[in-house]
Structures are given as C-alpha cells and as structure tokens.
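The values are calculated or read from the model by the stated rules, or taken from the named source; none is laboratory data. What you see is a predicted model; the values in this text were computed from it and never measured. Here Cβ is always computed from backbone atoms with ideal geometry, including for glycine, and neighbour counts include all displayed protein chains. These area figures cover heavy atoms from the full protein model, side chains too; ligands, DNA and RNA do not enter into them. Shrake-Rupley method; radii C 1.70, N 1.55, O 1.52, S 1.80 Å.
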Amino acid sequence: MDIVVTGLIALMGLVVYLLPSLIAFNRGTDNRWLVLVINVIFGATFLGWVLALVLALRKPKVPSTA
C-alpha cells in the first residue's frame, strides 16, 4: 500500500513539474519545444518553471493580413 501511495505522489509531482510543457503541447504553442527544454533543464528552479509556464500560456501571435 505504501508503495502505491508513494508512486501516486511521485506521478503527481512529475505532472506538476511538467505542467508548462503539457500545457504548451496541448495548446499547440509555436514554441512548445523551447518550453519543454526550459522546463526540463531549468524547471527545478522556481524561476525556470514560471518562465516555462509564461511561455506556454502566452497568447499566440496573429499573422498580419497586410
């Protein structure tokens, strides 16, 4: 039972850690691979995780019609 609980807690932690990348890929963000790299490399720091989240949630650029 303890190993199941530990596994679920570890899985939830991994999902929270990779949340910016999951959001970026789900939204089809243009810079999703950059978000993934920043998230994996710098995500352990709070600043890196927040930066990846901001990039993942940024509004997509609208192409100009002119």
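For the reader, a short list of remarks on this structure follows.
- Inter-site label distance for L47 and L11 at 7 Å from Cα along Cβ, in nm: 3.5 nm
- Over the chain, the hull volume per residue, using the convex hull of the C-alpha atoms, is 82 Å³.
- Relative contact order (%) - the chain, alpha-carbon pairs under 8 angstrom, separation at least six: 31 percent
- Accessible surface for the chain, divided over its residues, is 79 Å² per residue with a 1.4 Å probe.
- Carbon and sulfur %, accessible surface of the chain computed with the full protein complex present, 1.4 Å: 76 percent
- For the chain, the longest principal axis of the alpha carbon atoms and the long axis of helix 32-42 meet at an angle near 40°.
- Extension gain for L57-I3 works out to 16.0 nm (0.36 nm per residue, less the C-alpha to C-alpha distance).
- Helix 2-17 vs. the chain, principal-axis angle (Cα, 0 to 90°, nearest 10): 20 degrees
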